[in-house]
1. Let me check I've understood the local charge: for Cys58, count other residues with C-beta under 11 angstrom from its C-beta, Lys and Arg +1, Asp and Glu -1. What total comes out?
2. Evaluated at 20 °C with a viscosity of 1.002 mPa s, what Stokes-Einstein diffusion coefficient in µm²/s does the chain have when Rh comes from the Kirkwood expression over alpha-carbon pairs?
3. Residues with amide H under 5 Å of Asn55's amide H, sequence separation 5 or more or different chain, H placed in the peptide plane at 1.01 Å from N; which?
4. Considering only DSSP beta bridges with both partners in the chain, what is the antiparallel share in %, to the nearest 5?
5. Based solely on C-alpha atoms, express the radius of gyration and the Dmax of segment 18-62 in angstrom.
6. How high is the relative contact order of the chain, in percent, counting Cα pairs under 8 Å that sit 6 or more residues apart?
7. Counting only heavy atoms of the protein chains, get the accessible area per residue of the chain (1.4 Å probe) and round it to a whole Å² value.
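The values are calculated or read from the model by the stated rules, or taken from the named source; none is laboratory data. Because the structure is predicted, anything quoted here is derived from the model rather than measured. As a convention, Cβ positions derive from the backbone with ideal geometry for all residues, glycine included, and neighbour counts pool all protein chains shown. For the accessible areas, the whole protein counts, side chains as well, though only heavy atoms, and no ligand, DNA or RNA atoms are used. Shrake-Rupley method; radii C 1.70, N 1.55, O 1.52, S 1.80 Å.
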Amino acid sequence: MEQTPLRPLGEVMAMIEALGHEVTYAYDDLVFINHNDFLLQFDAAEPNALALFFNTECNAAEADHVAARMIPEGIEKGLIIRRKGTYTMTEAESDNLQITFNP
């Protein structure tokens, strides 16, 4: 049985808090942030790497500001953060959420 490498969620949470945000939920490989302006997704092959996706409703200047601060902060914590695109979140059946990633 293949083991999933440990993901540095504690380091990610510390980085997010240092930037003035809060992790509201972590599920599988996704890390949700307060107000859903952006989310992070752990890379399956590289445990210290994360993809950064911005909500399509997040204003472009704010997205640029967050990315400009987060990428260097991640490097300081040993994390590789790559800006990957946008996402939308919609309500699906049975009170579930559907997330669509747009590269």
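1. -4
2. 152 µm²/s
3. Phe38, Leu39, Tyr87
4. Numbers: 18 of 25 bridges.
Percentage antiparallel, nearest 5: 70.
5. 11.1, 31
6. Details: 150 pairs, mean separation 20.5, N = 103.
Here the relative contact order equals 20 percent.
7. On the way: 6480 Å² over 103 residues.
In whole numbers, the chain has 63 Å² accessible per residue.
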